[in-house]
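Peer 1: Here it is: the structure, laid out below.
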Amino acid sequence: MEPTKTCCFTGHRPEKLPWRRDEEDPRCLSLKARIVRALEDAYEAGYRHFVCGMARGADFYFCEAALALRARLGGVTVEAAIPCEEQAARWPEEDRERYFKLVGQCDFETMVQRSYDRGCMLRRNRYMVDRSSRLIAVYDGMMLGGTMYTLTYAMKQRLEVVILDPTEEGRSRKPFSAG
């Protein structure tokens, strides 16, 4: 896929979101709506390929929104970027079922490496960024974790970045370039 038409995603796991796993919480519903708008904005800007790291939480929201966008509009493809075979092995059954359903609906599945090691999630994140020109991030400003790492790496690679703050209901920061 052409990087100029590829948008990837990073975001927090349920444990780091204010509503945890309660996806009926109004703040979660607001975030999901903002993800849909960010995807529509990306589509309007010419993005047609969307890459998701398939983690629990915000990644699931993004993947579901990208698949819905594909159903509504033409020419959209969705890629599941999987860090290793065991990614979902220790998740609760409900999350594993959701994961496998989403992966099965994606147009492409890329496994970055076969076995888990300490760096496989970061390699997955770099894989997504290195093949994209825009990153959508659900990011609350915390200076630790994989979301912050991916956001920082994307800025160093001069991607356009859209930040959706889960703590600021209804507010998103417009795309900006690090260049």
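Every number here is computed from the coordinates shown, using simple stated rules; none is lab data. Everything numeric here is computed off the predicted structure, so don't read it as measured data. FYI the Cβ positions are ideal-geometry reconstructions off the backbone, even for glycines, and counts take in every protein chain you see.
Peer 1: Filter region 68-82 down to the residues that are of a type outside the set (Gly, Ala, Ser) and exposed (fewer than 14 other Cβ atoms within 10 Å of the Cβ), then identify the one that is farthest from Tyr47 (Cα to Cα).
Peer 2: By that ranking, first place goes to Arg72.
Peer 1: Taking the criterion of being in a helix (DSSP H, G or I) and under 15 Å from the mean Cα position of the chain (by Cα), would at least one residue in region 85-95 satisfy it?
Peer 2: Among the residues of region 85-95, not one is in a helix (DSSP H, G or I) and under 15 Å from the mean Cα position of the chain (by Cα), which makes the answer no.
Let's see how each residue does on (1) among the hydroxyl-bearing types (Ser, Thr, Tyr); (2) assigned to a helix (DSSP H, G or I); (3) surrounded by 23 or more Cβ atoms within 10 Å (Cβ to Cβ):
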position: Arg21; (1), (2), (3): no, no, no
position: Cys28; (1), (2), (3): no, yes, no
position: Leu31; (1), (2), (3): no, yes, yes
position: Val36; (1), (2), (3): no, yes, no
position: Phe60; (1), (2), (3): no, yes, no
position: Ala66; (1), (2), (3): no, yes, yes
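Peer 1: Take the residues of region 89-104 that are touching a residue at least 24 places away in the same chain (Cβ under 8 Å) and surrounded by 15 or more Cβ atoms within 10 Å (Cβ to Cβ): which is farthest from Gly57 (Cα to Cα)?
Peer 2: The qualifying residue farthest from Gly57 (Cα to Cα) is Val103.
Peer 1: If you take the residues of region 105-155 that are aromatic (Phe, Trp, Tyr) and part of a loop (DSSP other than H, G, I, E, B), which of them is surrounded by the most Cβ atoms within 10 Å (Cβ to Cβ)?
Peer 2: For region 105-155, the residue satisfying everything is Tyr139.
Peer 1: Okay, next question. If I go through region 55-90 residue by residue, how many of them are in contact with a Leu (Cβ under 6 Å, 6 or more places away or on another chain) and among the β-branched types (Val, Ile, Thr)?
Peer 2: Residues flagged as in contact with a Leu (Cβ under 6 Å, 6 or more places away or on another chain) and among the β-branched types (Val, Ile, Thr) within region 55-90 amount to 2.
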